[in-house]
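The values are calculated or read from the model by the stated rules, or taken from the named source; none is laboratory data. Nothing here was measured: the structure is a model prediction, and the numbers come from that model. Please note: Cβ atoms are built from the backbone with ideal geometry, for glycine as well, and neighbour counts cover all protein chains shown.
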């Protein structure tokens with residue numbers, strides 16, 4: 001009984017823990033923040049992605065999808081490759097995995113929330129995304 | 001007597017500042033990386049001071065738009081004013097300069113982790129939106145007081161860039177062909193060679209994670225070889241020549257913007273004719289902002 005209770009509690013907690021889809025991509029040719037901006041412009045167009053993280057030194061891009069997102073691994077992989085190509089850079093390898101939803105996405109570590117404009121007009125959406 | 005002096009003085013400064021009255025930024029924009037659906041806008045301020053009390057203040061704006069990942073469109077909008085401030089008369093002229101429109105195609109590129117190399121030819125034209133008929137005391141003025149060439153000027157070149165995390169270098173060679181206009185001021189054709197070297201000195205140690213703001217030291221060299229100008233269809237002997245300038249600037253950059261400022265030093269001014277006005281010192285400041293394109297393509301909104 002002493003062992004069963006903690007085990008059941010752990011299992012219950014594990015079942016409750018929500019997971020998100022994460023894509024980790026190697027980037028080629030990016031040497032400055034501006035290069036990541038070129039990619040981020042195209043990440044905005046993938047509604048499933050909620051958080052993005054740029055690691056300049058590691059040449060790495062990490063994307064976390066919204067909890068409950070219906071995007072498939074292949075679709076996410078293709079969307080990430082497309083964002084890098086459209087940004088003007090050669091896509092690196094993309095790894096997609098399910099991870100436990102992080103409690104926070106610290107800005108210090110390079111996380112940025114993808115802006116989702118809510119304005120009805122195109123001009124309003126453009127201002128929300130850019131300023 | 002004054003008119004003669006003014007004419008001599010005006011002729012002496014002909015060909016001065018290849019980028020002053022009619023062209024765009026001192027920090028050349030031909031190597032700017034622009035991704036698809038991205039807009040870059042760069043505001044420049046360039047005060048330049050010279051002999052003969054010629055003061056020139058230019059405020060060019062450069063805009064780049066990525067039509068595709070390889071094909072980008074650029075516009076160079078120039079405006080400003082210049083004045084001669086010696087003697088009892090002080091001619092002053094300003095307004096919009098010629099507008100430079102060109103397209104750039106990345107013909108060859110190598111992308112590897114932490115390094116990129118590009119070769120991109122470009123072609124376009126300068127549209128005659130400036131004024132080439134400014135007169136003072138009834139005399140047609142020359143290059144430094146005109147804001148335009150008066151003609152549709154084809155423009156072509158090639159830009160090259162090699163960039164690493166810490167250091168980067170860019171260069172370009174461009175040529176602006178200026179047809180001779182039969183009336184008013186006519187700018188001489190211009191060959192321009194630019195190079196740029198940049199060292200990212202801050203952060204001293206790049207963090208393993210994240211995208212830190214950075215500070216760079218930038219050195220830029222500009223070489224101009226100008227043909228002689230024409231005044232009312234007649235070649236101006238005191239115009240054209242070769243100029244080599246070196247610029248040093250400090251720049252700060254982040255994900256969305258870059259800001260910088262520095263000095264421009266003329267190292268060589270081999271000018272045709274006699275008594276030409278020469279540049280003493282210039283400054284440059286710029287602010288650059290990156291934008292997503294105004295309208296998204298709806299077809300890409302698939303996954304939720």
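Looking at the structure I just gave you, is residue A:19 modelled with pLDDT of 95 or more, surrounded by fewer than 24 Cβ atoms within 10 Å (Cβ to Cβ), farther than 22 Å from residue B:68 by Cβ and more than 9 Å from every other protein chain (Cβ to nearest Cβ)? Here the answer is no, as residue A:19 does not meet what is asked. From the list B:87, B:64, the lone residue that is within 14 Å of another protein chain (Cβ to nearest Cβ) and either surrounded by fewer than 16 Cβ atoms within 10 Å (Cβ to Cβ) or in a strand (DSSP E or B) (or both) is B:64. Here the stretch B:94-120 is the region considered, the condition is being surrounded by 15 or more Cβ atoms within 10 Å (Cβ to Cβ) and outside any strand (DSSP E or B), and the residue that is farthest from the chain's Cα centre (by Cα) is B:113. Of all residues in the stretch B:147-155, at least one satisfies being closer than 30 Å to residue A:89 by Cα, touching a strand residue (DSSP E or B) at 6+ places or on another chain (Cβ under 6 Å) and either touching a residue at least 60 places away in the same chain (Cβ under 8 Å) or more than 14 Å from chain A (Cβ to nearest Cβ) (or both).
Which one of these does residue B:208 not meet: (1) touching a strand residue (DSSP E or B) at 6+ places or on another chain (Cβ under 9 Å); (2) away from chain A (no Cβ under 14 Å)? Only one criterion is unmet by residue B:208, namely (2).
A single entry from B:44, B:56 fulfils the requirement of being over 18 Å from residue B:136 (Cβ atoms), surrounded by 17 or more Cβ atoms within 10 Å (Cβ to Cβ) and at pLDDT 90 or above: B:44.
Among the listed residues B:261, B:233, which satisfies the condition of being under 21 Å from residue B:179 (Cα atoms), without any contact (Cβ under 8 Å) to a residue 60 or more places away in the chain and either surrounded by fewer than 18 Cβ atoms within 10 Å (Cβ to Cβ) or touching a helix residue (DSSP H, G or I) at 6+ places or on another chain (Cβ under 9 Å) (or both)? Sole residue among the options that is under 21 Å from residue B:179 (Cα atoms), without any contact (Cβ under 8 Å) to a residue 60 or more places away in the chain and either surrounded by fewer than 18 Cβ atoms within 10 Å (Cβ to Cβ) or touching a helix residue (DSSP H, G or I) at 6+ places or on another chain (Cβ under 9 Å) (or both): B:233.
Per-residue answers, yes or no, for (1) away from every other protein chain (no Cβ under 14 Å); (2) touching a helix residue (DSSP H, G or I) at 6+ places or on another chain (Cβ under 7 Å); (3) loosely packed, with under 15 Cβ neighbours inside 10 Å:
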residue	(1), (2), (3)
B:204	no, no, yes
B:213	no, no, yes
B:224	yes, no, no
B:248	yes, no, yes
B:252	no, no, yes
B:267	yes, no, yes
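Looking at the structure I just gave you, is residue B:218 within 14 Å of chain A (Cβ to nearest Cβ), closer than 28 Å to residue B:262 by Cα and either out of contact with any helix residue (DSSP H, G or I) (no Cβ under 7 Å at 6 or more places or on another chain) or part of a loop (DSSP other than H, G, I, E, B) (or both)? For residue B:218, the condition - within 14 Å of chain A (Cβ to nearest Cβ), closer than 28 Å to residue B:262 by Cα and either out of contact with any helix residue (DSSP H, G or I) (no Cβ under 7 Å at 6 or more places or on another chain) or part of a loop (DSSP other than H, G, I, E, B) (or both) - is met. From B:274, B:304, grab the single residue that is more than 14 Å from every other protein chain (Cβ to nearest Cβ), modelled with pLDDT under 95 and either in a strand (DSSP E or B) or more than 30 Å from residue B:167 (Cα to Cα) (or both). Selected residue: B:274, the only one of B:274, B:304 that is more than 14 Å from every other protein chain (Cβ to nearest Cβ), modelled with pLDDT under 95 and either in a strand (DSSP E or B) or more than 30 Å from residue B:167 (Cα to Cα) (or both). Of the residues screened, residue B:199 is not one that is within 14 Å of another protein chain (Cβ to nearest Cβ), closer than 30 Å to residue A:123 by Cβ and out of contact with any helix residue (DSSP H, G or I) (no Cβ under 7 Å at 6 or more places or on another chain). Does any residue of the stretch B:165-178 turn out to be within 26 Å of residue B:61 (Cβ to Cβ), part of a loop (DSSP other than H, G, I, E, B) and at pLDDT 95 or above? Scanning the stretch B:165-178, I find at least one residue that is within 26 Å of residue B:61 (Cβ to Cβ), part of a loop (DSSP other than H, G, I, E, B) and at pLDDT 95 or above, so the answer is yes.
Once the stretch A:117-131 is narrowed to residues that are touching a helix residue (DSSP H, G or I) at 6+ places or on another chain (Cβ under 9 Å) and exposed (fewer than 13 other Cβ atoms within 10 Å of the Cβ), the residue that is nearest to residue A:20 (Cα to Cα) is A:118. In this structure, does residue A:100 turn out to be within 12 Å of the chain's Cα centre (by Cα), more than 7 Å from every other protein chain (Cβ to nearest Cβ) and surrounded by fewer than 18 Cβ atoms within 10 Å (Cβ to Cβ)? Spelling it out, it is not the case that residue A:100 is within 12 Å of the chain's Cα centre (by Cα), more than 7 Å from every other protein chain (Cβ to nearest Cβ) and surrounded by fewer than 18 Cβ atoms within 10 Å (Cβ to Cβ). Within the stretch B:21-36, residues that are within 16 Å of residue B:251 (Cα to Cα) and away from chain A (no Cβ under 14 Å) reach partners that are at pLDDT 80 or above and part of a loop (DSSP other than H, G, I, E, B) with beta carbons closer than 7 Å, at six or more positions or on different chains, in the pairs B:25/B:60. From the list A:27, A:94, the lone residue that is under 21 Å from residue B:113 (Cα atoms), within 8 Å of another protein chain (Cβ to nearest Cβ), in contact with a strand residue (DSSP E or B) (Cβ under 7 Å, 6 or more places away or on another chain) and surrounded by 18 or more Cβ atoms within 10 Å (Cβ to Cβ) is A:27. Candidates B:114, B:124, B:80, B:87: the one that is out of contact with any strand residue (DSSP E or B) (no Cβ under 9 Å at 6 or more places or on another chain) and over 13 Å from residue B:33 (Cα atoms) is B:87. All of (1) in contact with a strand residue (DSSP E or B) (Cβ under 7 Å, 6 or more places away or on another chain); (2) within 30 Å of residue B:105 (Cβ to Cβ); (3) touching a residue at least 24 places away in the same chain (Cβ under 8 Å) hold for residue A:85 with one exception: (3).
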